[in-house]
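The structure appears below as structure tokens.
Computed from the coordinates by the stated procedures, all read-outs in this text should not be read as laboratory data. From a predicted model like this one, the values you see are computed outputs, not experimental measurements. Reconstructed Cβ throughout: ideal geometry from the backbone, glycine too, with neighbour counts over all protein chains shown.
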Amino acid sequence: MSPPIMPADPRPVFRFAPTPNGRLHLGHVRSALLNAEAARRERGRFLLRIENIDPARCRPEHEAAILADLAWLGLDWERPVRRQSEHMAEYAEALARLEAMGLVYPSFETRAEIAAAVAKRPDWPRDPDGAPIFPFERASAAARAGRAAGEPFALRLDMKAALARLPPLFWSEQGEDGIAHVAADPAAWGDVVLARKEVPTSYHLAVVVDDALQGVTHVIRGSDLKAATAIHRVLQALLGLPAPLYRHHGLVLDAEGRKLAKSRGSTALAELRAAGLSAGEIRRRALEG
């Protein structure tokens, strides 16, 4: 992997990194505002990154809407904007390094096959997001033959082998009472996907590569991603990448107490704008909701 892009000055670097698979809602606005405000307060830099590795779900019109919404809120960011779809070679380079360490293997199983295997074991462990831990062993000789034959496959991290190479991992978490050192539990995630069958990378791999290459020093994001920091610490440690200072903020919840989500049709910022709410009112709702 290419060396990190070092900032031209020593200022801290913050980023907001939305996925353009729908319109922004108040939860996104909270993250964007907290990052922009922290950058202003710390006299740092504020970056916008478009995490569009999935061509089936990410659309240019959604990206354009995100940029328009953020500008309407009064936010400004450095140019050019980094778009993940333009940097697949960098993710491939990082993945190749992990493969050279013997820590990556192909997974040919379909979602249906994984679900069927887990259904036979109701007590099968689940990861912090509630999904079943991958239930199969590392790829067999037959699976490697399938790769050679051109069958579609995902690439997974051999978590047990990876952790055997590393000391206990921690990350630094900024809280109300200062900075705490949080013990990471990567094993709870099992053999995570690093490249999907249809996409040559994954969120986890791309985000750690991006943060390093952009010189990101502070990551402020929702608490729903806090547990996933353990995966990011493993990848950072294996690839020799720096670890930012993390802060995981509370989520904006709907009337039923659930986090806002595009998949559930949570009210978009565009709808609130159309209803006549001012940028100031939306900022207040995002930060206080």
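Brief remarks follow.
- GNM top mover of LEU238, LEU24, LEU75 - the chain, alpha-carbon springs below 10 Å: LEU75
- Distance from the alpha carbon centroid of the stretch 14-33 to that of the stretch 101-132 works out to 30 angstrom.
- Magnitude of the charge dipole for the stretch 12-99, about its Cα centre and with charges confined to Cβ atoms of Lys, Arg (+1) and Asp, Glu (-1), is about 300 debye.
- For TYR246, net neighbour charge (Lys/Arg +1, Asp/Glu -1) across residues whose Cβ lies under 11 Å away: +2
- Across the options PRO168, LEU241, GLY22, the greatest Cα extent toward the positive end of the charge dipole of the chain (unit charges at beta carbon of Lys, Arg, Asp, Glu) belongs to GLY22.
- Positive dipole terminus of the chain, leading residue within GLY130, THR110, PRO80 (C-beta point charges): PRO80
- Calculated Cα extents along the principal axes in Å (choose from (1) 57, 42, 32; (2) 47, 43, 36; (3) 60, 42, 37), label: (3)
- Electrostatic dipole magnitude of the stretch 28-171 [Cβ: Lys, Arg +1; Asp, Glu -1; Cα centre; debye, to 20]: 300
- Think of each Lys and Arg Cβ as +1 and each Asp and Glu Cβ as -1; about the Cα centre, that makes the dipole of the chain roughly 120 debye.
- Inter-label distance, nm, simple model (7 Å from Cα along the C-beta direction), ALA164/ILE114: 2.3
- Estimated FRET transfer efficiency when R0 is 35 angstrom, pair ALA56-ASP129 (beta carbons, to 0.05): 0.95
- Around PRO168: net Lys/Arg minus Asp/Glu count, Cβ-Cβ under 13 Å: +1
- GNM remark for the chain: springs join alpha carbons under 10 Å apart, and the peak mean-square fluctuation among GLY22, GLY250, GLY240 falls on GLY240.
- Cleavage-rule hits, GluC sites (Glu not before Pro), the stretch 134-240, DSSP coil, Cβ neighbours within 10 Å at most 11: GLU137, GLU176, GLU198
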